[in-house]
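The values are calculated or read from the model by the stated rules, or taken from the named source; none is laboratory data. For clarity, every value in this text was computed on a predicted model and none was experimentally measured. Cβ coordinates were reconstructed from backbone atoms using ideal geometry, including for glycine residues, and neighbour counts include every protein chain displayed. Areas reflect the complete protein model, heavy atoms only, side chains present, ligands, DNA and RNA absent. Shrake-Rupley method; radii C 1.70, N 1.55, O 1.52, S 1.80 Å.
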Amino acid sequence: MSGGPAGVLLLTDRWQARRPLAEVVAGAVAGGVRWVVLREKDLPRAERAALAVDLRAILAEAGGTLIVAGPDPLDGDAVHLPSAGPYPPPRLGLVGRSCHDRVELARLTTEDYATLSPVYPTSTKPGYGPPLRPDGLGALIAVSPVPVLALGGVQSPGQVTACVATGAVGVAVLGAVMRADDPEAAAATLTAAAATASRTRHGSPDPAGATRTRHGSPDPAGAARSRPQPATATTAQARRGLPYATTEEER
């Protein structure tokens with residue numbers, strides 16, 4: 001598996017999604033998201049694995065990647081681990097880790113990337129101290145041995161821009177897309193901001209003829225591809241009867 005997540009990484013939460021989860025992910029992918037972390041840790045393994053199959057199919061049509069939260073890749077090759085462990089990380093194609101401070105960053109060994117949180121105020125990170133804000137984020141990125149994505153309270157294009165300007169390769173979001181009335185439009189707005197901020201930081205122009213979504217955001221894969229069909233994903237999600245609720249957790 002080449003490279004790691006950049007731009008916008010979407011974390012799932014079916015309890016917050018205003019539509020069936022697979023439909024939300026399909027909209028996000030249509031809006032330019034190419035990296036998704038499947039959480040839903042409360043599901044039995046069989047149901048979670050079946051959901052992983054559905055989401056991988058959606059992402060595959062756009063050249064995207066599904067990452068599974070926790071050490072079990074659910075028959076895939078990419079995981080995102082909590083800061084608590086396991087250590088050492090498993091040997092897989094792609095391994096990410098949640099981090100919150102210098103101590104946790106120093107424990108990284110063979111991980112491919114890390115998330116740093118909380119960057120902005122969020123009720124989901126009460127146990128991890130005050131928000132890092134862009135200045136704190138930048139200070140930690142400077143000592144990180146791996147590429148970093150900013151996580152926690154990232155909701156707006158301005159916040160995305162501020163995070164990327166500090167050196168983050170992208171942002172990880174949950175509620176901004178999961179709770180959106182139009183997940184595709186929300187994702188397109190954030191992915192466009194990430195792409196613009198990245199070009200500005202690296203001083204590279206927008207390549208002529210870059211593929212864009214219908215909302216105007218660059219396609220991170222850089223090539224025209226077939227758009228995933230939300231109807232199929234919705235049918236699969238409805239068949240599994242996955243519920244809704246109102247709690248949020250970004251880890």
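Hey, among G63, G3, which residue is out of contact with any His (no Cβ under 7 Å at 6 or more places or on another chain), modelled with pLDDT under 95 and on the phi > 0 side of the Ramachandran plot?
G3
Taking the criterion of being open to solvent by less than 20 Å² (accessible area, probe 1.4 Å) and not basic (K, R), would at least one residue in the stretch 126-134 satisfy it? Even if it seems obvious, please write down each step before you answer.
Looking only at the stretch 126-134, we keep the residues that are open to solvent by less than 20 Å² (accessible area, probe 1.4 Å), and these are none.
No, the stretch 126-134 contains no residue that is open to solvent by less than 20 Å² (accessible area, probe 1.4 Å) and not basic (K, R).
Residue under question is G138, and the condition is that it be surrounded by 15 or more Cβ atoms within 10 Å (Cβ to Cβ) and either touching a His at 6+ places or on another chain (Cβ under 8 Å) or within 28 Å of P71 (Cβ to Cβ) (or both); does it hold?
In short, no.
Residue by residue through the stretch 167-179, note down the ones that are within 22 Å of T196 (Cα to Cα) and surrounded by 24 or more Cβ atoms within 10 Å (Cβ to Cβ).
Within the stretch 167-179, A168, G170, V171, A172, V173, L174, V177 qualify.
Out of the residues in the stretch 65-82 meeting the condition of being open to solvent by less than 20 Å² (accessible area, probe 1.4 Å) and not aliphatic (A, V, I, L, M), tell me which one is farthest from G32 (Cα to Cα).
The selected residue is G70.
Which residues, taken from the stretch 39-70, are among the hydrophobic types (A, V, I, L, M, F, W, C), touching a helix residue (DSSP H, G or I) at 6+ places or on another chain (Cβ under 7 Å) and more than 21 Å from Q16 (Cβ to Cβ)?
Within the stretch 39-70, just A62 meets the criteria.
What helices (runs of 4 or more DSSP H), lying completely within the stretch 77-190, carry at least 2 residues that are in contact with a Lys or Arg (Cβ under 8 Å, 6 or more places away or on another chain)?
The qualifying helices (runs of 4 or more DSSP H) are 157-165.
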